[in-house]
Amino acid sequence: MHFETITPADDTWQAQALCAQTGPDFFFPDPGSSVREAKRICAMCELRPACLEYALANDERFGVWGGLSEKERLALRRTAH
Ligand code: SF4
């Protein structure tokens, strides 16, 4: 669950991070499985911009962060340079 990584335990953050409520399974799917469900949850999450920014800044390689898969984040990093 990403909220544990981004900030220390904080009730406000946990209440806002939808992945904290659904559990990590959607966000770290087995290789080749669909990330559609994780993206759907991220799309409704208020923390999405901060989450994506954190993942890019910290070079998170695995799982869905801020609504983007690892491949999409890689593509974003490449076009940002
Ligand atoms: S944007 Fe997605 S991965 Fe990030 S905190 Fe929200 S639900 Fe979790």
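The values are calculated or read from the model by the stated rules, or taken from the named source; none is laboratory data. Computed from a predicted model, the values in this text were never measured in an experiment. We place every Cβ from the backbone using ideal geometry, glycine too, and count neighbours over all the protein chains shown.
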(request) Report, by residue number, each residue of the stretch 27-81 that is over 21 Å from Gln16 (Cβ atoms) and acidic (Asp, Glu). (result) Asp30, Asp59, Glu70, Glu72
(request) Quickly run through the stretch 1-33 and pick out the residues that are in a loop (DSSP other than H, G, I, E, B), among the hydrophobic types (A, V, I, L, M, F, W, C), modelled with pLDDT of 80 or more and farther than 11 Å from Cys51 by Cβ. (result) Phe28
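Keeping to the stretch 45-62, report how many residues are in a loop (DSSP other than H, G, I, E, B), near the ligand (Cβ under 8 Å from one of its atoms) and not charged (D, E, K, R).
The total comes to 2.
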